[in-house]
Amino acid sequence: MALNEISRSVRLLFGPFQRCRPVVAPRRPTAVPARCTSQTATQPEPTVEENEAVSPTFVNRNPRNLEQLALAVKDRGWKTSWPHREFYHRLMFSRSQSHVTAEVFSCTSPVPVISCSTKEWAVKRELSSTKSVAACQAVGEVLALRCQQAGITRMVYHEIPWTYRSDAVQAFRKAVKDGGILLSEPRRKYLES
């Protein structure tokens, strides 16, 4: 029984190799052993022309590529409008009497791309109060983590000047920045034609 197991293991180990049989040459009377090789045929090397061929049509499968290179068009809007429309992603932070909410908007959609709020049970159960400075900090940390997972690392954040000085807004802003999110976007680059 043990001998059968050992021979089976050896066959599995050396399975791709075949035993060499002597090949008889037509003109020589002696047998010449053939060289053992694997059974896979070698693929011919592709020529240089095949490797350097470029398709005339190109489809960009990463729509955020131009945005990350700062080459995508930013909608400017009117100069008198608040908040400004010149962004790829905008962070909006709001506090009500009972909850804190943060949302990230894309320039092409009025619906938030990423959001976090103390209304969510996962955030709410870890907090003693849903409207305190600690709640603002927790929302900032969770939002930064979600943005990192979505691949959004830069966004615009403009707070109304008289609310910007509050401790809650500063705690939120610091938590987002500590999470690895930059709260400014690069200026748009213009290519010369």
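Once the Cβ-Cβ distance between residue 79 and residue 174 is put in as r, and R0 is 22 Å, what FRET efficiency do you end up with, to the nearest 0.05?
0.15
Can I get the semi-axes of the range 80-179's equivalent ellipsoid? Compute them from the C-alpha gyration tensor as square roots of 5 times the eigenvalues, in angstrom, largest first.
With the √(5λ) rule applied to the range 80-179, the semi-axes are 21, 16, 12 Å.
Quick one: compute the contact order of the range 80-179, relative version, from alpha carbon pairs under 8 angstrom and 6+ residues apart, as a percent.
Details: 147 pairs, mean separation 27.5, N = 100.
Relative contact order comes out at 27 percent.
I'd like to compare 143-149, 163-169: which one has the highest average count of other Cβ atoms within 10 Å, and what's the full order after that?
Packing proxy ranking, top to bottom: 143-149, 163-169.
With every protein chain kept in the model, how would you rank 5, 67 by accessible area, 1.4 Å probe, largest at the top?
5, 67
Counting only heavy atoms of the protein chains, get the accessible area per residue of the range 142-193 (1.4 Å probe) and round it to a whole Å² value.
Per residue, the range 142-193 has an accessible area of 67 Å².
Identify all lysines with a Cα-Cα distance to residue 174 below 22 Å; exclude those on the same chain that are fewer than 8 residues away in sequence.
Result set, ordered by chain and number: 119, 124, 131.
The values are calculated or read from the model by the stated rules, or taken from the named source; none is laboratory data. Since the structure is predicted, the reported quantities are computational estimates derived from the model, not experimental observations. FYI the Cβ positions are ideal-geometry reconstructions off the backbone, even for glycines, and counts take in every protein chain you see. Accessible surface is based on the protein model in full, side chains and every heavy atom, while ligands, DNA and RNA are left aside. Shrake-Rupley method; radii C 1.70, N 1.55, O 1.52, S 1.80 Å.
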